Structure formats: C-alpha cells, structure tokens
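Asks: Got a structure for you, questions after.
The values are calculated or read from the model by the stated rules, or taken from the named source; none is laboratory data. If you're wondering where the values come from, they're calculated on a predicted model, not measured in any experiment. Cβ sites come from the backbone with ideal geometry, for glycine too, and all protein chains shown count toward neighbours. Accessible surface is based on the protein model in full, side chains and every heavy atom, while ligands, DNA and RNA are left aside. Shrake-Rupley method; radii C 1.70, N 1.55, O 1.52, S 1.80 Å.
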Amino acid sequence: MLVDRANYGRLKPVMRAIQNRPALQLQVLATGTMVLERFDQPVRVVRADGFTVDGEIYIELEGSTPATMAKSVGFGLVEFASEFHRLKPDIVLVIGDRYEALAATIAAAYMNLTIVHIQGGEVSGSIDESARHAISKFAHFHFPSTKRSAEYLVRMGERRNTILGIGCPSSDIARNTPRRLTSEIVNSRGGGIEIDITRPFLLVVFHPTTTEYGGELAQMETLLSALDTLKIQTLMLWPNIDAGSDHISKVIRIYRADKHANWIRTITNLTPEDYTQVLAGAACAVGNSSSFVRDAGYYGTPVVLVGDRQNGRETDVHVTRVPVEREQIISAVKQNLDHGPYPASTLYGDGSVSVQIARSLEELKPYLQKKLAFVDEK
C-alpha cells in the first residue's frame, strides 16, 4: 500500500524484491497524496517504474485540519475494506505511521487478513507515533528499522518470533543509486531560482506537527526568516497533506512573492532515486522530514532538525536538533556547513533489507489471533 512519495521511496525496493520471487504475487494499492494531482500524482511514477497498480483509492478530505484528517481515516477504512474484498490478499504489508496506513490496517484486521508492519516500534513525534504503535498492535509480523525499535516492540507485548528482521528498506535505495546529481534533476520542474549544483545548496522540507496544530504558520515564518538571513541557494519541497499543511504552503507562497526571494526554488515531487540524489548532494538538509533522520545518515549529509516533529527519533551524529528559533537555526546551519559531510551511518539499515523482507514474506506462516507475549497461554 502506497500513501505518499516518501512511502513509495521506502517500499519500492521491497516491491521489486517481491516481484523477483515467483512464489509471491504483488498487489499494489495507491492512496493518499499518491493519487492527487496537486501533489503531482506520484502514482504515475509507480507505473513508469514498471509496477501494476491494482487500485487507486481517494480518501483525502480537503481542509488540512484535524477534523478532515480524522474523517479521511473513516473514508479510508470503508474504501480499503472494499478493495481487500475485491483483491482477496493473503498478507497486507504496511509501513510507517501514516493515518492512511492505520485505516488500511484496521480494515485488514477486521477482515482476518495477516498484517506485516515495517518500521514499527519507533519513537517519533505528533499523532504519527500513536498511529505507528496502533498499527504494530494490529500487526501479526514486524520488520522494525533498528535494534532499539525491535526491543520496544517486545516491551509492547509483541512476541520475538514475530520480528522477521531489522532494517529500513530506504537504505537499499541509498546503497543502489549511484551519486549522479544533475542540474536537470533539480531545475527541470518546480519554480524559482536555478540551483547551481556546483555550489553548496540547502534541501528544506518542513511538515506540520499535528499535535501543534495552529502553530505551524508562525513556525514556517521563523524558518523562512532564518533561511532568508543565510541566503544560501535552497531547494524546498512542499509539505505533506497533514493538518496545517495549507498554512505552511500559504506562508511559503506569500514569502516568495513579497520578499522576491532570490535564493529559493520550490518543487512538488521527486522520484525516489532523484530525491536520494538531491539528499546526498545537499550541503545541509534543514527541516523536520523523517528522511533527514533515516536516509541522510547513509550519505553523511549534515542535518538541522527543526522543531518537535521527530522528537525521540533515533539519530546519528549527522543530526543537530534545534527548536524553532531563528538564531539557533542560523547558527546550526552555519556550523554544519563548516563541518561538511559526516561518516556514513548504517543505523537504519545496511542496504540489503528488501531481500530479507521478501524472503520473510515467502517463508512466514500466517496466523490470526494475537496475544500479548507476556501472558501465559494455558
């Protein structure tokens, strides 16, 4: 199940590994921002990559408020139930902590379908952490990204023999994509200045923190003010669809128009491989995307992690945490630019995770009734 551009980037190598195993049949459902035109319909990239999309599900209610997010979960529950009834899968594979994935998981659980969850047991921020743990409690099997996450799953009552392996498949994309950043990747879409890839540039992604709804407008204004002071050429991706995203997008548009910022280029979507190239080529990544924690470490790209959206997330030395305060953001970016790249990290995987996941899917023995690991069975 694919729900957004980042989600596809992490699942693509898993999907390819499943395709390469004759005993497994891949079925793909696309939903969330994957199917929306204003997010450049990333589902088209999925088809261009050679995958068959077995269904497109439209569940997103416009508004980008907590209420519309909650209602979208309800729509998703209804639509996923219909699709599961039509496709009749044996296993439902979900990843991460998105509310779309939560809707699919609930539908699958009540339809007696075996659920496998990738990236369970992690600590993060916002409502996403609650969604992640809820998915893990519905899931029958797990493939957490780190050793700590695996231990947290056990402490949540999951049985050790349901943990199929450890590692995040995003490391596979990083390992297998040659570093060949071109000007075309950065400048052939979007709008704003032309990024000179021979000079240092920043990659900026800032999503709303749903548990801080109402504060994202001021937060984005603070971040833009810091970036405007730095005036380093910047490639900025538009935010996701979570509650508050419309406010962030509005601030970016107003700032870009009123300030005539000659340092910024905005872009809607990149393929997984292109995003990896940009992340690897950036002098510093700034914002609160989980890809800055996971994927940037594989390249050693310096990261300034702004705000509380990734609170509690495991990080390596390439990450500098700062609050949403102008001077601290400026100082952290300057320090990381002076430092340069960090040693490559394998905290979230060694680049060979997808094959392990596909092998586990082929070998697992489905079951339905879950029980807490620490409850004696009699």
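Asks: State all residues of the stretch 135-148 that are in contact with an Asp or Glu (Cβ under 9 Å, 6 or more places away or on another chain) and either at positive phi or open to solvent by less than 10 Å² (accessible area, probe 1.4 Å) (or both); if no residue qualifies, say none.
Replies: Residues satisfying the conditions are ILE135, SER136, ALA139, HIS142, PRO144, SER145, THR146.
Asks: Is at least one residue of the stretch 99-110 hydroxyl-bearing (Ser, Thr, Tyr), over 19 Å from GLY32 (Cα atoms) and either in contact with a helix residue (DSSP H, G or I) (Cβ under 8 Å, 6 or more places away or on another chain) or free of Cβ contacts under 8 Å to residues at least 40 places away in the same chain (or both)?
Replies: Checked the stretch 99-110: at least one residue is hydroxyl-bearing (Ser, Thr, Tyr), over 19 Å from GLY32 (Cα atoms) and either in contact with a helix residue (DSSP H, G or I) (Cβ under 8 Å, 6 or more places away or on another chain) or free of Cβ contacts under 8 Å to residues at least 40 places away in the same chain (or both).
Asks: Hey, does the stretch 131-144 have a residue that's among the small types (Gly, Ala, Ser) and touching a strand residue (DSSP E or B) at 6+ places or on another chain (Cβ under 6 Å)?
Replies: For the stretch 131-144, residues among the small types (Gly, Ala, Ser) and touching a strand residue (DSSP E or B) at 6+ places or on another chain (Cβ under 6 Å): present.
Asks: Taking the stretch 183-195 only, how many residues are assigned to a loop (DSSP other than H, G, I, E, B) and open to solvent by 60 Å² or more (accessible area, probe 1.4 Å)?
Replies: 3
Asks: If we scan the stretch 225-242, do we find a residue that is open to solvent by 10 Å² or more (accessible area, probe 1.4 Å), polar (S, T, N, Q), in contact (Cβ under 8 Å) with a residue 40 or more places away in the chain and under 20 Å from GLY32 (Cβ atoms)?
Replies: Yes, because at least one residue in the stretch 225-242 is open to solvent by 10 Å² or more (accessible area, probe 1.4 Å), polar (S, T, N, Q), in contact (Cβ under 8 Å) with a residue 40 or more places away in the chain and under 20 Å from GLY32 (Cβ atoms).
Asks: Can you say whether LYS137 is out of contact with any Pro (no Cβ under 6 Å at 6 or more places or on another chain) and without any contact (Cβ under 8 Å) to a residue 12 or more places away in the chain, as far as the supplied structure shows?
Replies: Considered against the rule, which asks whether it is out of contact with any Pro (no Cβ under 6 Å at 6 or more places or on another chain) and without any contact (Cβ under 8 Å) to a residue 12 or more places away in the chain, LYS137 comes out as no.
Asks: Could you pull out the residue among ALA358, ALA332 that is modelled with pLDDT of 95 or more, open to solvent by less than 80 Å² (accessible area, probe 1.4 Å) and closer than 30 Å to ALA23 by Cα?
Replies: ALA358
Asks: Having 2 or more residues that are among the aromatic types (Phe, Trp, Tyr) and in contact (Cβ under 8 Å) with a residue 24 or more places away in the chain is the bar; report the helices (runs of 4 or more DSSP H) wholly within the stretch 258-370 that clear it.
Replies: Of the helices (runs of 4 or more DSSP H) lying wholly inside the stretch 258-370, those with at least 2 residues that are among the aromatic types (Phe, Trp, Tyr) and in contact (Cβ under 8 Å) with a residue 24 or more places away in the chain span 290-299.
Asks: Now for a separate question. Sort out which residues of the stretch 202-218 are in contact with a strand residue (DSSP E or B) (Cβ under 8 Å, 6 or more places away or on another chain) and not in a strand (DSSP E or B), and write them in order of number.
Replies: Of everything in the stretch 202-218, those that are in contact with a strand residue (DSSP E or B) (Cβ under 8 Å, 6 or more places away or on another chain) and not in a strand (DSSP E or B) turn out to be PHE206, HIS207.
Asks: Restricting to the stretch 149-162, and then to whatever is under 15 Å from ALA373 (Cβ atoms) and of a type in the set (Ser, Thr, Tyr), can you tell me which residue is least open to solvent (accessible area, probe 1.4 Å)?
Replies: Only one residue tops the list, namely THR162.
Asks: I need the full set of residues from the stretch 202-221 which are of a type outside the set (Phe, Trp, Tyr) and open to solvent by less than 40 Å² (accessible area, probe 1.4 Å), in order please.
Replies: Once the filter is applied, which keeps residues that are of a type outside the set (Phe, Trp, Tyr) and open to solvent by less than 40 Å² (accessible area, probe 1.4 Å), the stretch 202-221 yields LEU202, LEU203, VAL204, VAL205, HIS207, PRO208, THR209, THR210, GLY215, GLU216, GLN219, MET220.
Asks: Checking the conditions here, which among ARG180, ARG199 is surrounded by fewer than 17 Cβ atoms within 10 Å (Cβ to Cβ), at pLDDT 95 or above, assigned to a loop (DSSP other than H, G, I, E, B) and charged (D, E, K, R)?
Replies: After applying the criteria, what remains is ARG199.
Asks: Only one of GLY214, GLY190, GLY287 is modelled with pLDDT of 95 or more and either touching a helix residue (DSSP H, G or I) at 6+ places or on another chain (Cβ under 6 Å) or at positive phi (or both); which?
Replies: Of the residues listed, the single one that is modelled with pLDDT of 95 or more and either touching a helix residue (DSSP H, G or I) at 6+ places or on another chain (Cβ under 6 Å) or at positive phi (or both) is GLY287.
Asks: Condition first: open to solvent by less than 10 Å² (accessible area, probe 1.4 Å) and closer than 16 Å to ILE185 by Cβ. Now tell me which residues in the stretch 292-322 satisfy that.
Replies: THR301 - this is the single residue of the stretch 292-322 that is open to solvent by less than 10 Å² (accessible area, probe 1.4 Å) and closer than 16 Å to ILE185 by Cβ.
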